[in-house]
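Single-structure report; data block below.
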Amino acid sequence: ALKPAPVSAVELIDRAGLPSVEDRPGLAAALAALGPEVTALLVEVRGADTAELAAHQAEAEAVISRFTTVQPLVFTSLPEEFSRLWDIRKGMFPAVGAVRETGTTVIIEDVAFPIERLSAAVRDLQKLFVKYHYDEAILFGHALEGNLHFVFTQDFGTEAEVQRYAGLMDDVAELVVGKYDGSLKAEHGTGRNMAPFVELEWGSDAYALMQRIKALFDPDGLLNPGVILNTNRRVHLENLKPLPAADPIIDKCIECGFCEPHCPSRELTLSPRQRITVWREIARLERDDPDGKQRGELQAAYQYQGIDTCAADGLCSLACPVGINTGDLTRALRHRSGRQFAGRARWLGEHFEGITGLARLGLRAASLTRAFTGDAVLGALTRGLRRVSGGRVPEWDRWMPRAATWPHLEIGDEDQPRVVCLPSCGSRTLGPAVSDRGAASLPETVISLLGKAGYSVVLPEGVDGLCCGMAFHSKGQFDAARRKGRELLAALLDASRDGRDPVLFDASPCLHHMQEQFAGRLAMYEPVEFVEHYVLPRVDPVPVAETVAIHVTCSGRKLGLEARTVALAEACAERVTVPEHVSCCGFAGDRGFDFPELNASALKHLRVGLNGARTGYSTSRTCEIGLARHAGIPYRSILELVDRAARPRPPGTSVS
């Protein structure tokens with residue numbers, strides 16, 4: 001009935017598919033009580049303007065009103081609501097994967113029926129699922145085109161299971177082609193799973209013609225051999241790929257690949273999907289052939305390909321339909337291989353103030369050497385040291401930092417509101433780039449900005465020995481990380497008078513890590529959130545007359561701050577650009593020093609997206625080093641941009 005109506009899409013979800021997503025935001029609680037025969041429709045209408053949109057909606061409502069619906073028809077024009085509904089529809093396939101039994105594979109097929117017979121065909125497909133005991137199978141698809149996807153899970157571990165699968169596929173082919181004269185491949189290209197049934201659908205004469213055309217274009221059978229045309233009627237039952245249990249962190253992965261575009265190492269070594277696939281094979285070989293040569297070779301290669309060059313940033317989890325963070329696997333593997341270093345990690349944590357002091361001393365020595373030799377000579381020297389040391393010495397260039405300097409901290413007026421500042425170990429150690437003349441260290445910038453906003457700045461006791469623990473956590477030293485995190489929490493509770501004062505972290509990764517560990521204990525903010533809440537209402541920003549580039553860190557993305565970061569930059573600069581095709585920068589704490597090729601691969605498109613920007617801004621000092629190196633312009637904290645734009649309000653001006 002909706003086919004001739006002015007609707008853009010009608011998506012179908014059968015009753016079996018609803019439980020897999022009924023706990024997702026945007027679905028009514030009443031879904032849980034719906035009967036077994038219910039089918040959900042997602043209807044979208046569009047218009048060139050509001051008047052046309054309203055007319056199309058009214059016409060669609062009139063058509064649907066001729067039918068009895070279990071729930072009232074409700075259209076929404078709110079972007080966040082219809083995005084949520086489309087996310088639910090798009091998540092049907094992966095949602096089945098999330099609840100499958102470990103060791104089973106997710107199978108998806110798409111078929112098409114004449115639209116006037118779609119309802120009967122849906123019921124017949126559902127009967128086949130009952131016949132072969134695929135109780136978890138679901139149906140969804142594009143109802144306007146009669147295009148249905150069906151998804152189920154399959155264990156290929158026994159011959160009985162393989163035969164159950166064979167029976168289902170034989171009956172599906174006969175149902176679609178024989179009974180309904182439909183199509184075995186409605187939307188996506190055919191493959192080995194349907195190759196045995198191509199002749200059934202098209203007939204012997206057409207199939208022979210296809211084979212002759214294939215032979216003319218590909219006489220040696222080099223192009224996609226056996227994938228579409230195959231005389232082996234059991235090819236869909238052979239060379240089956242298992243998904244064996246490997247680690248609870250990744251066992252829900254269905255290898256869909258949604259994660260891959262967001263991974264900084266995808267064009268250097270492995271993507272998250274590939275890391276999982278290889279680790280599954282290593283785990284299988286460890287069970288089946290623990291002393292075999294192949295397992296040893298794979299595990300040795302995986303150290304660099306899978307572990308060393310994993311930024312462990314977690315962006316893959318945002319794209320993953322089942323929320324897998326492959327970085328968690330990497331950290332777990334680092335933990336297992338690094339147990340012998342637990343004592344060393346504990347010692348480093350207990351002497352953290354001395355370690356950061358030594359790091360600043362080393363940077364001062366490097367800057368002094370540079371003053372005599374220049375960047376080129378020092379770069380050549382460090383390249384040699386890097387080769388001799390096995391990559392332990394970072395290579396010098398003009399974007400390497402000088403030692404951070406500490407400002408003189410004056411005691412504020414007792415009547416001023418207080419802010420507790422936590423300079424990250426990175427910003428306490430790593431100052432601006434040696435070539436970024438005139439730039440202040442981040443602690444100096446923070447104190448300047450908060451002074452303009454009328455705040456009294458408080459530093460935690462023993463601040464130079466404090467750390468959120470992320471530096472240890474990323475290396476798999478979980479015990480040391482927890483100790484440092486608890487130590488920092490205690491210091492912040494004391495400095496903030498048990499949470500009465502807000503706490504500003506100058507680096508968003510540190511804030512994100514602390515929130516994951518100690519959410520709700522303190523009012524903790526990263527730079528963008530803090531400026532929104534506490535600074536902009538107390539200053540008058542005058543946008544700087546230049547183009548600035550913005551990079552949202554991985555932690556900023558996980559905190560949902562992409563749009564807000566850009567909006568803050570737009571309040572402080574006349575022109576803002578966000579380079580395309582740049583996600584995680586790949587610096588990942590110290591990865592950019594140890595494995596600079598990861599940073600280079602992740603940022604290879606950065607420079608072309610600057611659009612004339614002369615300065616870039618972000619919220620992590622280490623990320624800014626890598627960004628500057630590959631953009632060829634200074635990158636600083638976004639707090640520096642806000643400080644440049646902020647004008648103190650005259651005395652006596654009211655503050656909202």
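The values are calculated or read from the model by the stated rules, or taken from the named source; none is laboratory data. Bear in mind the structure is a predicted one, so any value in this text is a computation, not a measurement. Glycine gets a Cβ as well: all are built from the backbone with ideal geometry, and neighbour counts include every protein chain shown.
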Practice problem: Go through E187, E199 for me and flag whichever is loosely packed, with under 15 Cβ neighbours inside 10 Å and either touching a strand residue (DSSP E or B) at 6+ places or on another chain (Cβ under 9 Å) or assigned to a helix (DSSP H, G or I) (or both). | Solution: E187
Quiz item: With (1) out of contact with any strand residue (DSSP E or B) (no Cβ under 6 Å at 6 or more places or on another chain); (2) at pLDDT below 95 as the list, and L466 as the residue in question, which single condition is left unmet?
Solution: (2)
Quiz item: Considering the range 251-272 alone, what residues qualify as being in a loop (DSSP other than H, G, I, E, B) and modelled with pLDDT of 95 or more?
Solution: C263, P264, S265, R266, E267, L268, T269, L270, S271
Quiz item: Just to be sure, is G47 assigned to a loop (DSSP other than H, G, I, E, B), surrounded by 11 or more Cβ atoms within 10 Å (Cβ to Cβ) and at pLDDT 80 or above?
Solution: yes
Quiz item: Would you pick out the residues in the range 208-230 that are surrounded by 11 or more Cβ atoms within 10 Å (Cβ to Cβ), aliphatic (A, V, I, L, M) and assigned to a loop (DSSP other than H, G, I, E, B)?
Solution: V227, I228, L229
Quiz item: So which residues in the range 70-90 are in a helix (DSSP H, G or I) and either among the hydrophobic types (A, V, I, L, M, F, W, C) or within 20 Å of L53 (Cβ to Cβ) (or both), if there are any at all?
Solution: P79, E80, E81, F82, S83, R84, L85, W86, I88
Exercise. Mind listing whichever residues of the range 572-600 are in contact with a Leu (Cβ under 8 Å, 6 or more places away or on another chain), in a helix (DSSP H, G or I) and crowded, with 18+ Cβ neighbours inside 10 Å?
Key: C572, R591, G592, L598
Quiz item: Between a first residue in the range 636-656 that is part of a loop (DSSP other than H, G, I, E, B) and a second residue that is modelled with pLDDT of 95 or more, which pairs have beta carbons less than 7 Å apart while being 6 or more apart in sequence or on different chains?
Solution: R649/R538; R649/V539; R649/D540; V655/P537; V655/R538; S656/P537
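Given the options S441, S424, name the one that is modelled with pLDDT of 95 or more and within 33 Å of the chain's Cα centre (by Cα).
Of the residues listed, the single one that is modelled with pLDDT of 95 or more and within 33 Å of the chain's Cα centre (by Cα) is S424.
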Practice problem: Would you please name the residue that is modelled with the lowest pLDDT, looking only at residues in the range 297-326 that are of a type in the set (S, T, Y) and assigned to a helix (DSSP H, G or I)? | Solution: S317
Self-check item: Single condition Q515 does not satisfy, out of (1) buried (at least 22 other Cβ atoms within 10 Å of the Cβ); (2) in a helix (DSSP H, G or I)
Solution: (1)
Quiz item: Which condition does D181 not pass, out of (1) over 42 Å from the mean Cα position of the chain (by Cα); (2) in a helix (DSSP H, G or I), if it passes all the others?
Solution: (2)
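Of all residues in the range 425-446, count the ones that are closer than 15 Å to F505 by Cβ and touching a strand residue (DSSP E or B) at 6+ places or on another chain (Cβ under 7 Å). Full working, then the answer.
Restricting attention to the range 425-446, the residues satisfying the condition of being closer than 15 Å to F505 by Cβ are 425-428, 442-443, 445-446.
Going one step further and asking which of them are touching a strand residue (DSSP E or B) at 6+ places or on another chain (Cβ under 7 Å), we end up with 442, 445-446.
So the count comes out to 3.
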Quiz prompt | Top-ranked residue of the range 465-496 - restricted to ones that are farther than 30 Å from D308 by Cβ and not small (G, A, S), ranked as surrounded by the fewest Cβ atoms within 10 Å (Cβ to Cβ) | solution = D494
Self-check item: Selection status of R360, in a helix (DSSP H, G or I), in contact with a strand residue (DSSP E or B) (Cβ under 7 Å, 6 or more places away or on another chain) and not small (G, A, S)
Solution: yes
Exercise. Working only within the range 1-23, note down all residues that are modelled with pLDDT of 75 or more, under 29 Å from the mean Cα position of the chain (by Cα) and of a type in the set (D, E, K, R).
Key: E11
Quiz item: Just one of the numbered conditions (1) part of a helix (DSSP H, G or I); (2) surrounded by fewer than 17 Cβ atoms within 10 Å (Cβ to Cβ); (3) not assigned by TED's automatic domain parsing to the domain that holds I115 is not true of H236; which one?
Solution: (2)
Quiz item: Can you find even one residue in the range 151-159 that is hydroxyl-bearing (S, T, Y) and either surrounded by 17 or more Cβ atoms within 10 Å (Cβ to Cβ) or over 38 Å from the mean Cα position of the chain (by Cα) (or both)?
Solution: yes
